[in-house]
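The values are calculated or read from the model by the stated rules, or taken from the named source; none is laboratory data. For clarity, every value in this text was computed on a predicted model and none was experimentally measured. All Cβ positions, glycine included, derive from the backbone under ideal geometry; neighbour counts span all protein chains shown. Calculation scope for accessible area: heavy atoms of the full protein, side chains included, ligands and nucleic acids excluded. Shrake-Rupley method; radii C 1.70, N 1.55, O 1.52, S 1.80 Å.
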Amino acid sequence: MAQIETVQRGNKVGASALTTLTWLIGLLVFVPVVWMVVTSFKQEADAASNPPKFFFEPTFDQYAALLNSGAGQYFLNSLIATGVSTILVILLAVPASYALSIRPVKKTQDVLFFFISTKMLPVVAVIIPIYVISGQLKMLDNVFTLIILYTAMNLPIAVWMMRSFFEEVPEEVLEAAQLDGAGLLKTLRTVLMPMVAPGLAATALICVIFAWNEFFFALNLTAARAQTVPVFLVSQMTSEGLFLAKLSAASVLASLPVVIAGWIAQRQLVRGLSMGAVK
């Protein structure tokens with residue numbers, strides 16, 4: 001009995017130590033984010049001081065300067081490109097993943113490999129033909145060009161993710177829907193979609209993150225009218241030097257939409273990420 005109690009105490013100590021270590025690692029990773037937020041409320045002189053100033057008078061001057069410098073247009077372009085491309089990805093990925101999981105087509109594995117193989121091609125290898133085609137179609141410096149590219153960029157990942165979620169749906173549910181006389185569209189809309197809603201939320205959030213953070217296409221295919229937030233962040237690094245407070249404020253603003261999207265989807269996100277696995 002004493003030996004069992006000793007083992008149990010040892011297990012509790014080990015669990016407590018592991019929990020403490022996990023918290024320490026999490027806090028260590030989160031420190032740069034906290035420092036970025038704190039720096040965004042400093043004046044440039046305080047942000048560049050050495051040693052760093054921990055006590056200062058907070059100010060919103062950096063945020064006001066960014067908003068007055070036309071940052072709103074960059075955010076609007078990113079919101080349009082990210083939002084529309086994510087909606088298109090979901091609309092295309094749901095029927096495709098349904099066909100590849102619940103109603104498999106011929107050579108399903110070949111189709112899946114084709115989808116994922118498009119992600120193996122380096123983006124820099126295709127930028128020249130994309131640039132030439134966009135120029136011929138008068139689509140350079142256009143948000144709709146980014147929408148098309150972001151849709152194509154995220155669609156393979158979305159199909160693979162949604163396919164794994166659809167495969168988790170019990171066959172008995174589909175058979176019951178068929179016995180009740182539900183057609184394909186009704187089954188998909190009223191039976192399947194509520195069941196895979198967590199996976200749909202997780203897939204949409206992944207697409208939002210990838211599209212919002214995309215930099216290469218936005219840098220090379222836009223000039224003035226369609227530039228996005230990542231390009232805006234780079235523009236804050238000028239030849240005059242790094243303005244740390246202003247750059248930190250810009251980074252905070254750039255991070256907020258993704259954080260808000262994750263907060264809105266958090267109820268479905270945890271379940272969605274653990275619901276299925278890419279097979």
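Observations on the structure shown:
- Taking residues in region 141-166 that are free of Cβ contacts under 8 Å to residues at least 60 places away in the same chain, and partners anywhere that are part of a helix (DSSP H, G or I) and not basic (Lys, Arg), the pairs with Cβ atoms closer than 6 Å and at least 6 places apart or on different chains are Pro156/Phe115; Pro156/Ile116.
- Taking every residue in region 200-228 that is under 19 Å from Ile130 (Cα atoms) and pairing it with any residue that is open to solvent by 20 Å² or more (accessible area, probe 1.4 Å) and small (Gly, Ala, Ser), at least 6 positions away or on another chain, the pairs with Cβ-Cβ distances below 9 Å are Ala211/Gly83; Gln227/Ser235.
- Any hit, region 26-36, residues being farther than 30 Å from Val229 by Cα, loosely packed, with under 11 Cβ neighbours inside 10 Å, at pLDDT 85 or above and of a type outside the set (Ser, Thr, Tyr): no
- Lys42 vs. criteria in a loop (DSSP other than H, G, I, E, B), touching a Phe, Trp or Tyr at 6+ places or on another chain (Cβ under 6 Å) and more than 30 Å from Leu192 (Cβ to Cβ): yes
- For Asp46, the test of being under 15 Å from Phe243 (Cβ atoms) and modelled with pLDDT under 85 is passed.
- Residue list for region 94-148, restricted to those being open to solvent by 80 Å² or more (accessible area, probe 1.4 Å) and under 22 Å from the mean Cα position of the chain (by Cα): Lys119, Met120, Leu121, Val124, Phe144, Ile148
- Restricting Leu188, Leu184 to residues that are more than 26 Å from Gln73 (Cα to Cα), open to solvent by 50 Å² or more (accessible area, probe 1.4 Å) and more than 21 Å from the chain's Cα centre (by Cα) narrows the list to Leu184.
- Checklist (1) hydrophobic (A, V, I, L, M, F, W, C); (2) under 21 Å from Ser85 (Cα atoms); (3) over 19 Å from the mean Cα position of the chain (by Cα) applied to Ala249, failing item: (2)
- Residue list for region 53-82, restricted to those being open to solvent by 70 Å² or more (accessible area, probe 1.4 Å) and either of a type in the set (A, V, I, L, M, F, W, C) or part of a helix (DSSP H, G or I) (or both): Phe54, Phe55, Phe60, Asp61, Leu67, Asn68, Gln73, Leu76, Leu79
- Count - residues of region 30-59 that are free of Cβ contacts under 8 Å to residues at least 40 places away in the same chain and over 28 Å from the mean Cα position of the chain (by Cα): 12
- Region 254-279 residues that are over 18 Å from Tyr74 (Cα atoms), paired with ones that are in a loop (DSSP other than H, G, I, E, B) and modelled with pLDDT of 60 or more (beta carbon under 9 Å, 6 or more apart): Gly272/Val196; Gly272/Ala265; Met275/Glu168; Met275/Val196; Gly276/Glu167; Gly276/Glu168; Gly276/Val196; Lys279/Glu167
- Matching residues in region 118-137 - criterion: being at pLDDT 90 or above and more than 23 Å from Thr86 (Cβ to Cβ): Ile128, Pro129, Tyr131, Val132, Ile133, Gly135, Gln136, Leu137
- Complete set of residues in region 197-229 that are surrounded by 19 or more Cβ atoms within 10 Å (Cβ to Cβ) and closer than 26 Å to Ala64 by Cβ: Trp212, Ala218, Thr222, Ala226, Gln227, Thr228, Val229
- Residue count for region 168-214, restricted to those that are aliphatic (A, V, I, L, M) and not in a helix (DSSP H, G or I): 3.
- Some residue of region 83-96 being small (Gly, Ala, Ser), part of a helix (DSSP H, G or I) and under 23 Å from Ser235 (Cβ atoms): yes
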